[in-house]
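Report on the structure given below.
The values are calculated or read from the model by the stated rules, or taken from the named source; none is laboratory data. These numbers come from a predicted model, not from an experiment. Here the Cβ positions follow ideal geometry from the backbone for every residue, glycine too, while neighbour counts run over all protein chains shown. Only protein heavy atoms, including side chains, enter the accessible area calculation; ligands, DNA and RNA are left aside. Shrake-Rupley method; radii C 1.70, N 1.55, O 1.52, S 1.80 Å.
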Amino acid sequence: MFLNANFTLVAIVAGVVVIGVLIFVHELGHFLAAKAVGIAVLRFSFGLGPRTPIGIKIGETDYCLSWIPFGGFVKMAGLEEEGAPAAVEGGPVEAEVPRERTFDAKPLWARVVVILAGVAMNAAFAVAVYVGIAGVYGTQVDSTVTVGAVDTTALPLGAQGLATLRAGDRIVRINGDSMTDWRAIQQQLLTAGGTRLTITVAGRPEPILLDVPRSESVSRAALVNALDPQHEPVIGEVIAGRPAAAAGLRSGDRIVAANGDPIGSWEQLVRAIESSPGRAIRLDVRRQGSPLALSVTPQATRVPDPSGGKTRTVGRIGIGPSEIRLRHYGVVGSVSEGFHQAGRAAGLILFTLKGLVTGQVSARDIGGPILVGQLAGEVARLGLQDFLAFMALFSINLAILNLLPIPVLDGGHLLFLVSEGVRGRPLSVEQRQRLTQIGFFVLVGIMALALGNDVLRLFH
């Protein structure tokens with residue numbers, strides 16, 4: 001057994017940044033909403049736990065730093081946790097507050113707004129990040145509809161027809177809708193209504209019929225994961241300053257062999273390059289019809305391992321296939337793409353939660369702060385764009401998980417307010433405190449499971 005080398009200082013720092021910033025954004029939402037509806041905010045802390053000596057009191061609010069550098073908290077009059085949850089928020093705050101400025105004294109709609117404001121802020125943060133990524137970097141569009149490979153071992157029941165696909169087959173329609181790129185194929189496989197999927201393949205007289213209900217979301221996802229696209233081994237992008245540019249490779253070059261082995265697809269080329277980190281490769285190139293031989297030494301790069309919880313070293317030379325291009329957006333297009341990406345992220349998280357509830361996703365797949373740190377460290381090494389995209393995804397994740405009906409979480413507080421609206425009177429303070437204590441221990445149990453899974457990933 002040994003400690004996964006993935007758990008490094010980079011992972012720790014990146015994890016603290018991601019978790020800290022997003023919890024702080026969440027609490028900022030509660031703070032702004034509470035101020036807007038006239039609730040007295042006694043303390044607004046950057047960090048958790050006991051208060052440090054650093055801080056300043058402005059009006060009724062103590063703005064301070066706390067000792068645990070994760071996120072922050074907002075302590076509102078009339079909404080103070082008791083017992084163990086209170087310790088996370090630095091204990092009680094002594095203050096004289098008029099009754100009309102406490103949380104419980106506000107109208108039901110105002111309290112709902114305050115409770116949902118943290119979730120709304122996380123969602124808004126994610127959308128803003130996705131909008132920024134679309135505007136500054138653009139998004140990749142994979143224009144191929146050609147199948148490269150099918151993992152027949154991963155096909156769910158009712159999808160055996162996909163096993164008849166061969167490398168080079170082109171998917172032109174699914175349920176009558178024309179397919180223009182690989183993302184359209186994935187989206188249709190995931191979301192097409194009904195039970196039957198009809199897949200039309202170019203050159204085949206009969207379509208492939210799949211019987212996979214839309215309600216079987218895990219099975220639909222398996223369809224997507226079982227199909228890999230195929231790309232021509234033609235270079236579309238050469239990144240300046242990387243090994244490919246230094247070796248003289250150009251956009252439009254077709255790679256026909258690597259170290260003498262024939263190359264028939266982009267995926268074969270990638271495998272050849274990835275398997276030679278730091279070792280020179282001879283590439284046979286066809287440029288405008290003329291043969292050319294070039295030598296390039298792939299740069300050793302650490303990347304996430306698809307098996308999860310680890311990284312591996314692969315070769316990279318800084319090229320992209322001609323069939324994957326960047327789509328750039330104006331202001332309106334960036335906003336639209338930002339909302340679209342946020343919606344896709346939310347759908348992915350809801351899909352996972354549904355799988356956990358139905359038992360189709362194992363509880364062993366739940367990750368905690370250690371896994372977040374590992375993943376954050378990995379994407380941080382890949383660059384700012386990937387790190388920001390990870391933060392946006394995690395922000396959506398935080399928003400949705402906070403809506404779970406567990407006391408201590410926003411969803412639990414919302415449940416109290418719904419109960420009040422239905423019953424016509426609120427739960428007593430004692431009832432709320434008792435339920436909050438139960439919710440706290442449920443949350444501790446979930447976190448213990450997540451941390452246990454993290455430890456198993458670290459030691460193997």
### Task
Under 1.5 on a/c is rounded, so check that first for region 261-351, then, if it is not, pick prolate when a/b is larger than b/c and oblate when it is not; a ≥ b ≥ c are the square roots of the alpha carbon gyration tensor eigenvalues.
oblate
### Query
Counting only residues 5 or more places away or on other chains, whose amide H sits under 5 Å from the amide H of residue 173 once H atoms are built in the peptide plane?
179, 200
### Net length gained if the chain between residue 35 and residue 275 were fully extended (0.36 nm per residue, minus Cα distance)
80.7 nm
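What does the C-alpha gyration tensor say about the overall shape of region 227-295? Classify as rounded when a/c is under 1.5, otherwise prolate if a/b is larger than b/c, or oblate. Write down the numbers at each step before the final one.
On the way: a/c = 1.26, a/b = 1.11, b/c = 1.14.
Rounded.
Could you work out the relative contact order of region 225-282, using alpha carbon pairs under 8 angstrom and six or more residues apart, expressed as a whole percent? If you can, show how the numbers build up before the last one.
Details: 55 pairs, mean separation 20.4, N = 58.
Relative contact order of region 225-282: 35 percent.
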### Message
With θ taken as phi - 60° and the coefficients 6.51, -1.76 and 1.60, list the Karplus ³J(HN,Hα) couplings across region 58-63 in order, rounded to whole Hz; mark glycine and proline as x.
### Response
10, x, 8, 9, 8, 8
### Summary
Sorted by chain and number, the residues with a modelled amide H under 5 Å from that of residue 62, at a separation of 5 or more or across chains, are 43, 44
### Query
With every protein chain present, what is the per residue accessible area of region 138-210 (1.4 Å probe, Å²)?
48 Å²
### Query
Which of the GluC sites (Glu not before Pro) found in region 93-155 are in a DSSP loop and have at most 16 neighbouring Cβ atoms, other than their own, within 10 Å?
94, 96
### Query
Can you give me the Cα centroid spacing of region 220-297 and region 125-160 in angstrom?
21 Å
### Query
Roughly how many nanometres apart are two label points built 7 Å out from the Cα toward the Cβ at residue 237 and residue 108?
5.2 nm
